[in-house]
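The values are calculated or read from the model by the stated rules, or taken from the named source; none is laboratory data. These figures come from a predicted structure and were not determined experimentally. Positions of Cβ are backbone-derived with ideal geometry, glycine not excepted, and every protein chain shown enters the neighbour counts. Surface areas here come from the heavy atoms of the whole protein model, side chains and all, with no ligands, DNA or RNA. Shrake-Rupley method; radii C 1.70, N 1.55, O 1.52, S 1.80 Å.
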Amino acid sequence: MALAAVLAAGIAQAEGNPLAGTSWQLHGIQSMDDAQGTTKVAEPSHFTLTFGRDGRAALRLDCNRGSGDYTVAPAGDGSSGSLTFGPVATTRALCPPPHLDQRIARDLAHVRSYLLKDGRLYLSLMVDGGIYEWAPQQAEAAAADNERSVKPVQFAKGTSSAVIRDRIIGDHYIDYQLRAGAGQRMTVSLKGSNGASYFNLLPPGSEGPAMVRGELLDNRFDGLLPDDGVYTIRVFLYRAAARRGEQSDFTLSVGVTGTPLKPVPARTDAVLPGTRLHAGTTVPCEPAYTKTRECEAFVVRRGFDGTATVELRWDGTWKRRILFVKGEPKAADVPQAMTFTRNERGWKVTFNGDEHFEIPEPLVFGG
């Protein structure tokens, strides 16, 4: 049934390509060397592969992300055929051992065929280099939900902060959610009885990529929020401790202060039909580790003084949101350090020194 659902979705979305529109999680890597055997993947949800309808594949590779072109040529009924990947561009964060992210990114270049069998996808490498075994991502959602708890953050009447005391055990993690607006300031701090306790802050709409990683900030955050929506504070145990079934009693302190920067109403500045966005265009860009050189750019204006949230999109998967306040970039929804330069056309915003976006002045100010 799982295989039928996956195939139906793919065929409906891209005629002649049974993989288009499907998403998978990695379960094992079979070696042709009997001495090496099969490498089981302890956390399949950390290694995912999504085949886009546009011939692009998106990957989660543990703590990294990647994308690249793919070409598929089905044989017979489409349950098998040839499959090749073009160069895969990935981010370059240093993930914990055993560094499967590096191995997978390298091996994808050697994939030559696929097989859909018993609800699973098998990718074979050239010259008997091995077989990658994937399961439908949808089929794993229930198991992932069993490890996740979602709890609202509630402030007592007349207050703007809360202190939460709770416990996590093993792979279980807790998503604390609260709604906040662009321009408000959020503070988060975590203290756990286990030194392997950390939090990530996820921006609205994110299922995994974080805008703040507590492990890099001594489990403390104090900063402006770039957009409106529900933010998620994910509390978890670091991987090695989680695998050992360790536990942590923790105290999470959360605060939100300041007045949200409300969007300009549609009667004052017309929005794109069916959206909250006031305008859109394309801009020069150089996202890290991709060949993309042009991004979609949209804006939610919050005044006509250069206060706005700019949203950048590329490759059908990736997104950046930048908050401008009175003509100056102030916050973004990624953990990388942000810098900018002003010129006669607008701004060049840079993340971590190797990712660049050009934002035109009329997009932010209007006119």
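Here are the numbers for this structure:
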{"read-out": "Extended-chain gain in nm, criterion 0.36 nm per residue less alpha-carbon gap, residue 276 and residue 43", "value": "80.2 nm"}
{"read-out": "The chain, relative contact order [Cα under 8 Å, separation at least 6], %", "value": "11 percent"}
{"read-out": "Cα long-axis angle, helix 137-146 against the chain (0 to 90 degrees, to the nearest 10)", "value": "60 degrees"}
{"read-out": "Selection of GluC sites (Glu not before Pro), the range 262-367, meeting DSSP coil and at most 14 other Cβ within 10 Å", "value": "344"}
{"read-out": "At most 10 other Cβ within 10 Å, DSSP loop - trypsin sites (Lys or Arg not before Pro), the range 301-352", "value": "326"}
{"read-out": "Label-point gap, in nm, between residue 69 and residue 155 - each point 7 angstrom along Cα→Cβ", "value": "5.0 nm"}
{"read-out": "Computed over the range 101-215: relative contact order in percent, which uses C-alpha pairs under 8 Å that are six or more apart", "value": "13 percent"}
{"read-out": "The range 116-133 - phi-based ³J(HN,Hα) in whole Hz, Karplus 6.51/-1.76/1.60, Gly and Pro as x", "value": "9, 8, 6, x, 10, 10, 10, 10, 9, 8, 5, 6, 6, x, x, 9, 9, 10"}
{"read-out": "Sulfur and carbon atoms: percent of accessible area, the chain [1.4 Å]", "value": "50 percent"}
{"read-out": "Average accessible area per residue (Å²) across the range 181-221 - probe 1.4 Å, nucleic acids and ligands excluded", "value": "43 Å²"}
{"read-out": "Modelled FRET efficiency - R0 41 Å, residue 110 with residue 294, Cβ distances, 0.05 increments", "value": "0.85"}
{"read-out": "Relative packing of peptides 157-169, 183-195 - highest average C-beta neighbours within 10 Å first", "value": "183-195, 157-169"}
{"read-out": "Within straight-line cross-link reach of residue 40, aspartates and glutamates at Cα separation under 13 Å, skipping those fewer than 8 residues along the same chain", "value": "133"}
{"read-out": "Solvent exposure, largest accessible area first (probe 1.4 Å, DNA, RNA and ligands not counted), of 328, 207", "value": "207, 328"}
{"read-out": "Of 262/291; 151/262; 291/330; 117/319; 262/348; 191/326, those spanning more than 31 Å from alpha-carbon to alpha-carbon", "value": "262/291; 117/319; 191/326"}
